[in-house]
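Working notes, structure below.
A short reminder: the numbers here are calculations on the coordinates, not readings from a lab. It should be emphasised that the depicted structure is a prediction, and the values quoted were computed from it without experimental measurement. FYI the Cβ positions are ideal-geometry reconstructions off the backbone, even for glycines, and counts take in every protein chain you see.
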Amino acid sequence: MEFLHRRITGWFAETARDLPWRDPGCGAWGVLVSEIMLQQTPVVRVLPVWEEWLKRWPTPAGLAAEPAGEAVRNWGRLGYPRRALRLHAAATAIVENHNGRVPDTYTELLALPGVGSYTAAAVAAFAYGRRETVVDTNIRRVHARLVAGAALPAPALTAAEMRLAASLLPDDDAASVRWNAAVMELGALVCTARAPKCADCPVKDSCAWRAAGEPPPSYVPKGQAWHGTDRQVRGAVMAVLRLADAPVPAEMFLQPPADLGFAPEGIGVPLAALHRLNSAPEQLERAMSGLLTDGLAEIHDGGYRLPA
DNA sequence: GATCCGTGGGG
DNA sequence: TCCCCAAGGAT
């Protein structure tokens with residue numbers, strides 16, 4: 001095990017990307033924001049948005065002082081905008097329950113909106129140097145191949161995986177933090193889901209999957225449907241709301257602007273994209289009502305807008 | 001445990 | 001072109 005630790009953390013020391021949230025001076029708030037943004041979203045798309053967020057809201061109190069809709073608007077096109085809502089709620093909880101300071105224990109972090117087992121462990125480890133069993137999709141995949149000899153981890157996180165990850169974690173605090181970051185980075189850059197770059201792998205000679213002849217996955221991951229789904233419609237509606245500076249009347253969503261006899265100010269492009277989907281009226285209604293339910297939109301002066 | 005929830009770059 | 005999938009979380 002010492003061998004794996006040395007090899008992988010050594011590789012990390014040489015190869016690691018220079019990401020701003022890895023800067024020692026970044027602070028726990030910056031780490032928390034990065035972790036929420038990075039949920040299901042690639043690093044390259046997070047970088048510019050993260051920079052703007054931290055410039056605008058350097059502290060949880062700064063974000064908490066603004067309407068939730070501002071968080072959603074500045075989330076831009078990162079996707080899964082509920083994360084923006086939860087991050088705003090987390091900032092509020094941090095101000096109210098933790099004197100404005102991001103909590104430093106796994107349990108307290110886990111209680112924050114939008115923070116699950118992965119994010120709680122990651123913030124405790126990367127922001128506060130704690131020894132935590134961090135398990136994300138990258139770490140799961142590296143463990144699956146390196147130790148279990150499988151092409152992919154199980155469809156859902158299992159207790160066995162958690163035990164394995166815990167057993168591999170170095171005893172020393174600082175070493176455990178480096179290990180977590182290094183394995184995650186290895187999964188992100190080398191031991192990738194598609195076309196892993198085994199030639200660049202620091203532990204290829206110890207890899208159970210390679211030793212087994214790289215057997216194919218034992219199951220086929222089911223892809224996420226997109227075209228024609230409510231998610232697609234919701235996304236198109238949100239694109240309109242982000243650009244709107246006044247409530248958008250419901251009929252603008254339900255009828256092509258040309259039929260309304262006027263060109264909408266500023267929101268013409270996303271509105272045209274929405275109507276290009278040609279969704280059934282029931283689906284549009286369902287999507288928009290879902291946005292209200294989720295708190296991503298509200299009705300004001302007879303129109304839809306981001307929550308104020 | 002299965003589903004739902006956005007977006008866009010790369011293979 | 002199409003399809004895969006990326007530092008998950010909540011229900």
Check segment A:245-268 and report whether any residue there is in a loop (DSSP other than H, G, I, E, B), in contact with a Leu (Cβ under 7 Å, 6 or more places away or on another chain) and surrounded by 14 or more Cβ atoms within 10 Å (Cβ to Cβ).
yes
With the first residue restricted to segment A:34-47 and required to be in contact (Cβ under 8 Å) with a residue 60 or more places away in the chain and farther than 15 Å from A:V135 by Cβ, and the second required to be in a loop (DSSP other than H, G, I, E, B) and away from DNA strand B (no atom under 12 Å from the Cβ), Cβ contacts under 8 Å at 6 or more apart or on different chains are A:I36/A:V115; A:V43/A:R17; A:V43/A:L19
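Can you report the number of residues in segment A:10-37 which are surrounded by 19 or more Cβ atoms within 10 Å (Cβ to Cβ) and of a type in the set (S, T, Y)? Even if it seems obvious, please write down each step before you answer.
Step one: filter segment A:10-37 for residues surrounded by 19 or more Cβ atoms within 10 Å (Cβ to Cβ), giving A:11-12, A:21, A:28-37.
Still in the list and also of a type in the set (S, T, Y): A:34.
Count: 1.
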Working carefully through the options A:A64, A:A84, A:A91, A:A71, find the one that is more than 9 Å from DNA strand C (Cβ to nearest atom), within 12 Å of the chain's Cα centre (by Cα) and buried (at least 18 other Cβ atoms within 10 Å of the Cβ).
A:A84
Return a yes/no flag: does segment A:216-231 have any residue that is within 16 Å of DNA strand B (Cβ to nearest atom), surrounded by 15 or more Cβ atoms within 10 Å (Cβ to Cβ) and over 30 Å from A:P153 (Cβ atoms).
no
So which of A:A165, A:A211, A:A188, A:A154 ends up being loosely packed, with under 12 Cβ neighbours inside 10 Å, over 30 Å from A:G295 (Cβ atoms) and among the hydrophobic types (A, V, I, L, M, F, W, C)?
A:A211
Output yes when any residue across segment A:193-214 is among the aromatic types (F, W, Y), over 16 Å from A:T9 (Cβ atoms) and within 16 Å of DNA strand B (Cβ to nearest atom), and no when none is.
no
